[in-house]
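One structure is given below, encoded as structure tokens.
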């Protein structure tokens, strides 16, 4: 799976590509948090297993409900309710924050390791991977977190972050030359 920091960069790349000046930083920060927040379920895995006896394959475990389009829709609706604090229209808040949250599950579906994703929860608890899985990934156990996380971040820089921001810059420049920005 991409690291949480990589997920949080997706809305920043989107803002680079599509946002008009001045940038709405409260919205961008909220979207970055929405893109990262699904990984909180990874921290709760031991709590679910130890306290309530839920298996790690439960839809409430990692890559389950919080990685779904339903959860992304919920976060988008919450953002719409707080659109005035985000300094944008309700629809803009819903689409930006909901899309950012949805990007998390979609990216995780495209990895070559880890658990499949319950992307269609609450309609279905079936976990799936995408047919195309180009994102190289490996588990980062807690006892080797700092050593392996840096290695993973370097891989993700070349594999995801640099291409994502290069594409975003290309879109921004194309929009500017077309007079759209």
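Are any residues in region 154-171 surrounded by fewer than 16 Cβ atoms within 10 Å (Cβ to Cβ), under 15 Å from residue 110 (Cβ atoms) and in contact (Cβ under 8 Å) with a residue 40 or more places away in the chain, and if so, which ones? Passing the criteria: none in range. Selection within region 103-118: residues that are part of a loop (DSSP other than H, G, I, E, B) and touching a strand residue (DSSP E or B) at 6+ places or on another chain (Cβ under 6 Å). The member of this set that is surrounded by the fewest Cβ atoms within 10 Å (Cβ to Cβ) is 116. Of all residues assigned to region 1-24, at least one qualifies as being crowded, with 17+ Cβ neighbours inside 10 Å, within 15 Å of residue 117 (Cβ to Cβ) and either at pLDDT 95 or above or in contact with a strand residue (DSSP E or B) (Cβ under 6 Å, 6 or more places away or on another chain) (or both). Checking each residue of region 32-55 against the condition of being surrounded by fewer than 18 Cβ atoms within 10 Å (Cβ to Cβ), at pLDDT below 90, in contact with a helix residue (DSSP H, G or I) (Cβ under 6 Å, 6 or more places away or on another chain) and on the phi < 0 side of the Ramachandran plot gives at least one match.
The values are calculated or read from the model by the stated rules, or taken from the named source; none is laboratory data. These numbers were taken from a predicted model, which means no experiment stands behind them. Because the Cβ atoms are built from the backbone with ideal geometry, glycine has one as well, and the counts that use them run over all protein chains shown.
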